[in-house]
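Engineer: Below is the structure I would like to discuss, written out as structure tokens.
Quick note: the coordinates plus some simple rules give every number you see, no bench work behind them. Only a predicted model underlies this, so the values are computations on that prediction, with no experimental measurement involved. Cβ atoms come from the backbone with ideal geometry, glycine included; neighbour counts cover every protein chain shown.
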Amino acid sequence: MNYRCKAKTDAIKGFMNCRQNVGTPIKEHMMTVMAYLSEAQANGAEIDAATQLVMVLQILSKDFDLFQASYNLNQKEISPAPKPKRKKEKGKNKGNKPAVNAPAFKKSKKTKKRKVDPKKAKCFHCGKK
């Protein structure tokens with residue numbers, strides 16, 4: 001029984017340390033990975049398919065980063081969460097949360113500059129006409 005446990009542990013360690021080197025053909029690398037997985041399962045390791053897939057994606061070389069990103073995006077279950085229906089109550093605060101009022105920005109009215117008649121204009125410095 002002790003030998004079987006050690007063999008299972010060694011197979012899993014070998015699998016986790018089996019990184020794909022740059023330039024190694026993917027077919028050769030995947031055959032090595034499959035050998036480690038089958039050895040681990042033969043010695044009693046129970047690894048489900050989803051876990052195996054995630055583990056295999058982690059040991060691929062950087063050449064497969066785009067493939068990994070694509071896989072991860074496709075696996076996410078994107079479903080819009082239903083928005084809770086709320087009644088709008090003016091001036092009342094629901095629950096213990098304090099009301100947060102954001103300042104309302106209004107467009108300011110632009111004032112038109114009046115044209116000053118040069119005859120009536122005063123000097124802003126000394127105040128003489």
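Engineer: 7 Å from Cα along Cα→Cβ at both Asp117 and Asn72: what's the point-to-point distance in nm?
Structural biologist: 7.6
Engineer: For Ser61, enumerate residues with amide H under 5 Å from its amide H, sequence gap 5+ or separate chain, H modeled in the peptide plane.
Structural biologist: Gln20
Engineer: Once phi is turned into ³J(HN,Hα) by the Karplus curve 6.51 cos²θ - 1.76 cosθ + 1.60 with θ = phi - 60°, what whole-Hz value does each residue of segment 25-41 show in order, with x for glycine and proline?
Structural biologist: Coupling constants for segment 25-41: x, 5, 4, 5, 5, 5, 5, 5, 4, 5, 5, 5, 5, 5, 5, 5, 5 Hz.
Engineer: Something else about it: Rg and Dmax of segment 2-64, Cα atoms, in Å?
Structural biologist: 12.0, 39
Engineer: Can I ask one more? State to the nearest 20 debye the size of the charge dipole of segment 2-64 about its Cα centre, where the only charges are +1 on K and R beta carbons and -1 on D and E beta carbons.
Structural biologist: 180
Engineer: Continuing with this model, one more query. Lys/Arg Cβ at +1, Asp/Glu Cβ at -1, dipole of segment 2-64 taken about the Cα centre: which of Ala40, His29, Gly14 is farthest positive-ward?
Structural biologist: Gly14
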